[in-house]
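Trainee: Have a look at this one before I ask anything.
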Amino acid sequence: MRAFVALELPQEAIGQIGRIIAVLKGPVNATAPARTKIRWVRPGQAHLTLRFLGEVTDGQVESIIDDLRRSLPSAHQPLNFKFGQGGAFPSPSRARVLWVALDGSTGQLIEIAGIAETVAQRSGLAPSKRQFRPHVTLARIQPPMNLSGPLASLRGDRDIWPARVLSVIRSDLTPAGPEYTGLAQFDLAAGRMIE
């Protein structure tokens, strides 16, 4: 199965993602060459991936969940974020993935992502080739296109929202896009697994 470890977004953040996509969709679609395929994220499926696990066995997933249960701090300071600037991978001029950055409790978030990375490696996965950057994906684009103009107009949001649920999520790819199934959830503020 394909799986990943993610920080779940609360409803207020999901609403903001919907508004950010609505602001960007027109300018991005207007600049796209005719054969460009743009797949916008459904706001309700938006999340912050801390560690993409890729193809894993049931045993590896069980190991990761058990190890996260033992490795996550017993209680964590509240994690508070707001959406920052927009960006693209590998760059705005050759955008394949359109995203919005997070501002706020990023130090704590990087610490939790480090725990997810360690746990993934202990389950037998190779180290991640990418450095963790706190962001939420908004769209995937093929072939890459120049989004420097539309991204320059995206401003950060002032509304701060709390995040407290870490999840291990299964991802099934379908013609309509990915379908996500939660496999385990952890309440970071309480320092325990959600049953």
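The values are calculated or read from the model by the stated rules, or taken from the named source; none is laboratory data. Treat the numbers as computed from the prediction; the structure is a model and nothing was measured. Neighbour counts run over all protein chains shown; Cβ positions are idealised from the backbone, glycine included. Ligands, DNA and RNA are excluded from the accessible area calculation, which covers all protein heavy atoms including side chains. Shrake-Rupley method; radii C 1.70, N 1.55, O 1.52, S 1.80 Å.
Trainee: Restricting the search to region 151-178, which residues are modelled with pLDDT of 90 or more and not in a loop (DSSP other than H, G, I, E, B)?
Mentor: Residues of region 151-178 that are modelled with pLDDT of 90 or more, as a first pass: 160-172.
Selection gives Trp161, Pro162, Ala163, Val165, Leu166, Ser167, Val168, Ile169, Arg170, Ser171, Asp172.
Trainee: While we're here: Name every residue in region 146-176 that is among the small types (Gly, Ala, Ser) and under 25 Å from Glu195 (Cβ atoms), in order of residue number. Even if it seems obvious, please write down each step before you answer.
Mentor: To start, the set of residues in region 146-176 that are among the small types (Gly, Ala, Ser) comprises 148-149, 152-153, 156, 163, 167, 171, 176.
Within region 146-176, Ala163, Ser167, Ser171 qualify.
Trainee: Let me ask something else. If the requirement is being out of contact with any Asp or Glu (no Cβ under 7 Å at 6 or more places or on another chain) and within 18 Å of Leu72 (Cβ to Cβ), which of these qualifies: Pro134, Pro175, Pro143, Pro150?
Mentor: Values: Pro175 fails: within 18 Å of Leu72 (Cβ to Cβ); Pro143 fails: within 18 Å of Leu72 (Cβ to Cβ); Pro150 fails: within 18 Å of Leu72 (Cβ to Cβ).
Within the list Pro134, Pro175, Pro143, Pro150, the selection yields Pro134.
Trainee: On the basis of being under 30 Å from Arg122 (Cβ atoms), outside any strand (DSSP E or B) and open to solvent by less than 70 Å² (accessible area, probe 1.4 Å), does Leu102 make the cut?
Mentor: On the way: under 30 Å from Arg122 (Cβ atoms): yes; outside any strand (DSSP E or B): no; open to solvent by less than 70 Å² (accessible area, probe 1.4 Å): yes.
No; evaluated as a whole, the condition is false for this residue.
Trainee: If the requirement is being within 19 Å of the chain's Cα centre (by Cα), buried (at least 18 other Cβ atoms within 10 Å of the Cβ) and over 18 Å from Val97 (Cα atoms), which of these qualifies: Ala13, Ala46? It would help to see each step written out before you state the result.
Mentor: Numbers: Ala46 fails: over 18 Å from Val97 (Cα atoms).
Only one candidate passes the filter, namely Ala13.
Trainee: Tally the residues that are open to solvent by 40 Å² or more (accessible area, probe 1.4 Å) and either of a type in the set (A, V, I, L, M, F, W, C) or part of a helix (DSSP H, G or I) (or both), restricting the search to region 118-145.
Mentor: Number of matching residues: 5.
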